[in-house]
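K.L.:
The structure that follows is given in the form of structure tokens.
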Amino acid sequence: MADKIYRVLDANLSRALEGLRVLEDIARFILLNKKLSKQLKNLRHELAKLFKPLNRQMVGSRLRGKDPGAALDSLLTKQRASLEDLVAANAKRCEQALRVLEESSKHQEWKFAKRLEKIRYQIYQLEKELVTKLS
């Protein structure tokens, strides 16, 4: 069962980090907003650091080519008409992935579930700031 939990952690950590990178790049290169860019970068680095002790297990649990959901395509990913849509989609990606990481961490009694919850709430606020600045 541990390998399965590590697969869940690995997939959702990647999802959260990818979403944060997109948000960070929008803040940095489109909005030219140093403060937001730095906040997002710091969250991305903190998240990676939290899971670094589990990296070997997460990578070792990967089942290349056996993920039944890997080939699923969503129409929603093709319907991002604006930068606001792109921000919303990537913020939601982060928030949902962080929720899974948080719940999985509680299940395993790791000590960082509370910090994951706080990061998730920070992303809610950063999403609002990004959308406001893009409007």
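K.L.:
With a cut-off of 17 Å, note down the residues of segment 98-135 whose backbone N falls inside the zone around a label point 7 Å from the Cα of Leu83 toward its beta carbon.
P.N.:
126-135
K.L.:
Further question: Any chance you could give the angle, 0 to 90 degrees and rounded to 10, that helix 113-134 forms with the longest Cα principal axis of the chain?
P.N.:
The two axes meet at around 20 degrees.
K.L.:
Starting from the Cα-Cα distance between Arg56 and Phe29, subtract it from 0.36 nm times their residue separation and give me the gain in nm to one decimal.
P.N.:
Values: separation 27, 0.36 × 27 = 9.72 nm, distance 3.31 nm.
Full extension of this stretch gives 6.4 nm more.
K.L.:
Moving on to the next point. Just rank Lys38, Lys111, fewest to most, by other beta-carbon atoms within 10 angstrom. Before the final figure, lay out the partial values.
P.N.:
Values: Lys38 13, Lys111 8.
So the ranking, lowest neighbour count to highest, is Lys111, Lys38.
K.L.:
Using 0.36 nm times the number of residues separating Lys92 and Thr132, minus their current alpha carbon distance, what extension gain do you get?
P.N.:
Taking Lys92 through Thr132 to full extension adds about 12.8 nm, to one decimal.
Every number here is computed from the coordinates shown, using simple stated rules; none is lab data. Since the structure is predicted, the reported quantities are computational estimates derived from the model, not experimental observations. We place every Cβ from the backbone using ideal geometry, glycine too, and count neighbours over all the protein chains shown.
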